[in-house]
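One structure below.
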Amino acid sequence: MPNVPESDLQHVLDRLIAATARNAPARKTAVRWFNRLYYDVRRWNEGFIQFLRSYPGFNDSVSADDYKTFLAKLHAYRESLQERYGTVKNDLCTSLKILSARYPRDFGWLHKEDENVYQEIRSLIDDSYATEMSIIRIAYSVCNFIHEISSDEKWHTLHHDEIVNRIRNYEDDSMAAVSRLQDMANSVGIHLLEISEYEAI
């Protein structure tokens with residue numbers, strides 16, 4: 001099974017915690033920034049899981065037409081991951097560009113107080129762009145494990161349990177990674193906002 005997007009955020013959060021260990025105002029600003037990144041990744045992955053769960057096998061469908069329709073959607077999704085301005089890339093990259101553009105304004109005061117910490121947190125943005133590319137690779141590999149096993153709708157009518165189990169494993173891995181992130185944040189008094197909390201604010 002491939003990795004899940006939330007796993008890559010653990011490295012970013014770990015660096016953020018270390019960089020702001022002796023600067024409470026910097027941590028407060030950096031946590032607000034990280035919460036936005038966390039929200040974007042979680043929102044994307046929940047949407048991706050919802051798409052995967054439209055796989056007809058979750059409804060025990062034996063209709064070849066149902067699987068043919070899903071496989072066509074899956075093929076289109078895989079193609080969009082390769083497009084320079086595809087939906088997934090554009091959605092994630094737009095948010096990251098906004099975070100990058102806001103950084104000098106949000107952290108300008110920190111540059112005057114401690115340039116090293118300012119540069120350390122700034123480098124987290126580079127990690128975030130790496131996270132975006134990692135998400136693309138993860139999504140493509142998850143799509144591939146369905147597509148490459150078989151693109152024959154008749155095969156899926158007989159073997160759909162294999163695909164259903166892999167999708168459930170991916171979802172479980174995602175929830176486990178989220179739990180580890182929450183534990184890491186809670187251990188240093190950081191509260192990560194869930195999607196509903198972030199949107200409410």
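The values are calculated or read from the model by the stated rules, or taken from the named source; none is laboratory data. No experiment lies behind these values; they were computed from the predicted model shown. All Cβ positions, even for glycine, are placed from backbone atoms using ideal geometry, and neighbour counts span all protein chains on display. All accessible areas refer to the heavy atoms of the entire protein, side chains included, with ligands and DNA or RNA removed. Shrake-Rupley method; radii C 1.70, N 1.55, O 1.52, S 1.80 Å.
Worth a mention:
- Unit charges on C-beta of K, R, D, E only; dipole of the stretch 3-60, Debye: 480 debye
- Backbone N under 14 Å from the Ala64 label point (7 Å along Cα→Cβ), restricted to the stretch 154-176: 154-159
- Shape call, the stretch 1-89: gyration tensor on alpha carbons, a/c limit 1.5: prolate
- Cross-link reach list, lysines versus Lys154, counting only Cα pairs under 26 Å and skipping chain neighbours closer than eight places: Lys68, Lys73
- The accessible area of Glu115, taken with all protein chains in place and a 1.4 Å probe, comes to roughly 100 Å².
- In summary, the lysines within cross-link reach of Lys112, defined as a Cα separation below 30 angstrom excluding same-chain residues under 8 places away, comprise Lys28, Lys97.
- Annotation: average projected area of the chain is 11.7 square nanometres, based on the convex hull of Cα atoms across all directions.
- Under a model in which nothing but the beta-carbon of Lys, Arg (+1) and Asp, Glu (-1) is charged, the chain shows a dipole of about 720 debye around its Cα centre.
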